[in-house]
1. What number of residues within the stretch 109-129 are aliphatic (A, V, I, L, M) and either more than 14 Å from VAL56 (Cα to Cα) or free of Cβ contacts under 8 Å to residues at least 60 places away in the same chain (or both)?
2. Filter the stretch 97-107 down to the residues that are crowded, with 17+ Cβ neighbours inside 10 Å and either in contact (Cβ under 8 Å) with a residue 60 or more places away in the chain or closer than 22 Å to THR47 by Cα (or both) and list them by number.
3. Which numbered condition in (1) surrounded by 17 or more Cβ atoms within 10 Å (Cβ to Cβ); (2) at pLDDT 95 or above; (3) within 29 Å of ARG51 (Cα to Cα) is the only one that LEU93 fails?
4. Out of the residues in the stretch 59-97 meeting the condition of being more than 16 Å from the chain's Cα centre (by Cα) and of a type in the set (Ser, Thr, Tyr), tell me which one is farthest from GLY120 (Cα to Cα).
5. Could you tell me whether any residue of the stretch 45-58 is at pLDDT 85 or above, surrounded by 10 or more Cβ atoms within 10 Å (Cβ to Cβ), under 13 Å from the mean Cα position of the chain (by Cα) and over 18 Å from PRO99 (Cα atoms)?
Amino acid sequence: MDRRALLMFMLVASMAPKPALASPKGEAKSGGGEMPMPLATATVLRTHGRRGVMSVESTLVFTDGALLEHAKLSRPRLNAAFNEAVRSEATHLLAGALPDVESLTRALQRAADRVLGRTGARVMLGTVMVT
């Protein structure tokens with residue numbers, strides 16, 4: 001294929017009108033969504049007295065759009081609360097043991113509910129890794 005023809009095709013395709021994805025102006029935002037949280041880390045003891053790092057990936061899932069907007073505004077407080085919860089769980093971790101994912105999930109859920117002031121956000125864990 002001729003390079004000039006390909007470039008002309010790409011230019012024309014980029015100028016084509018795109019369908020509108022926005023909702024009508026009169027409709028209130030009622031749906032929820034997801035808010036990925038930054039990686040929360042804490043120092044842990046490993047075997048032979050060495051130090052390691054526990055890293056936790058998480059996402060908050062919302063069914064209420066208003067609570068999602070409140071969570072976006074409270075993001076720095078959520079980050080601090082999640083880091084504190086992971087640090088607290090890491091202090092209870094024995095050297096060489098696997099993290100207790102159930103306890104970690106409960107601690108993160110309590111932290112999210114406390115910062116947001118009510119229930120409605122669900123904590124979903126991604127990767128929990130100790131290195």
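1. 5
2. PRO99, LEU104
3. (2)
4. This residue is THR91.
5. There is no residue in the stretch 45-58 that is at pLDDT 85 or above, surrounded by 10 or more Cβ atoms within 10 Å (Cβ to Cβ), under 13 Å from the mean Cα position of the chain (by Cα) and over 18 Å from PRO99 (Cα atoms).
The values are calculated or read from the model by the stated rules, or taken from the named source; none is laboratory data. Because the structure is a prediction, the values reported are computed rather than measured. Here Cβ is always computed from backbone atoms with ideal geometry, including for glycine, and neighbour counts include all displayed protein chains.
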